[in-house]
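Beneath this line is the structure, given in structure tokens, with notes to follow.
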């Protein structure tokens, strides 16, 4: 019984329809992924990523606005650079909200 309940809420068991991404979503996610993946996962790499991130924010926002939560989870699994970019934007927004970044 428990496994039936778990499977009923597992987004990957709902079929591919909910995960279907448009070609544009894939293309934009890959653009952001490729950009973020150019830099090492170090403090210096994060600084480099942030220096040029403005040019990729529109593509990032288009993916956010056109994707469901399940699709975003899938995109972040498929495109780790996109996930890294998203985390950096989250940290940046939090720093601004907290007043640490002006």
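The values are calculated or read from the model by the stated rules, or taken from the named source; none is laboratory data. On a predicted model such as this, the values are computed, not experimentally measured, just so you know. Don't worry about glycine lacking a Cβ; one is built from the backbone with ideal geometry, like all the others, and counts go over all protein chains shown.
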- Task: Determine the pairs where a residue that is at negative phi and surrounded by 15 or more Cβ atoms within 10 Å (Cβ to Cβ), located within the range 20-34, has a partner that is at pLDDT 95 or above and not in a helix (DSSP H, G or I) with Cβ atoms under 8 Å apart, the partner being 6 or more residues away or on another chain.
- Result: 21/67; 25/67; 29/79; 30/79; 32/79; 33/79
- Check on residue 88, assigned to a helix (DSSP H, G or I) and modelled with pLDDT of 95 or more: yes
- Query: For the range 42-77, how many residues meet the condition of being over 16 Å from residue 88 (Cβ atoms) and in contact (Cβ under 8 Å) with a residue 24 or more places away in the chain?
  - Reply: 8
